[in-house]
Amino acid sequence: MPLLRLRFFFDTGSGICLWAGDAATEERCGLAVEAQDLPLPPEVVAEAERLIDLWDTGIDWNNPGEPSPWTAEDEQDFQAQADALLGRLRAALGPDFEVVDER
């Protein structure tokens, strides 16, 4: 059974894509979990940070209520990259972590 449960989703402007998924994980890691605070290779941390930054381009910051400036192709490309990151996170964190996709 995994020791820590993480939720995976992007929250615009938060700078985070990993969140505590239970009280034990929140107590140990906090609610918003920084990728660099986990036992992850630097390239996986860098990929998470890159995708968080990319996600934030999907909103018009001058008029956040307007539709996303992304095309359907942009959204599909992002989701494919996020799928790949999720797989890398799960592989790197191993059996001590459960990473739940909540996108």
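The values are calculated or read from the model by the stated rules, or taken from the named source; none is laboratory data. Keep in mind that this is a model prediction, so the values were computed, not measured. A quick note on method: Cβ atoms are made from the backbone with ideal geometry, for glycine too, and the neighbour counts reach across all protein chains shown.
Remark: pairs (first residue in region 34-50, within 17 Å of Gly21 (Cβ to Cβ); second residue of a type in the set (D, E, K, R); Cβ separation under 8 Å; 6+ apart in sequence or on different chains) = Ala35/Glu49. Here Asp60 clears all of (1) modelled with pLDDT under 95; (2) loosely packed, with under 11 Cβ neighbours inside 10 Å except the condition numbered (2).
Candidates are the residues of region 51-70 that are touching a residue at least 12 places away in the same chain (Cβ under 8 Å) and hydrophobic (A, V, I, L, M, F, W, C); the one that is farthest from Thr12 (Cα to Cα) is Trp70.
From the set of residues in region 9-49 that are of a type in the set (D, E, K, R) and under 20 Å from Ala91 (Cα atoms), which is surrounded by the most Cβ atoms within 10 Å (Cβ to Cβ)? Write out each step before concluding.
Within region 9-49, the first condition is being of a type in the set (D, E, K, R), and the residues that meet it are 11, 22, 26-28, 34, 37, 43, 47, 49.
The next check asks that each one be under 20 Å from Ala91 (Cα atoms); those that pass are 34, 37, 43, 47, 49.
Values: Glu34: 15, Asp37: 11, Glu43: 10, Glu47: 18, Glu49: 15.
In this case the residue turns out to be Glu47.
Among the numbered conditions (1) loosely packed, with under 15 Cβ neighbours inside 10 Å; (2) over 14 Å from Asp101 (Cα atoms); (3) not acidic (Asp, Glu), the only one that Ile52 does not meet is (1).
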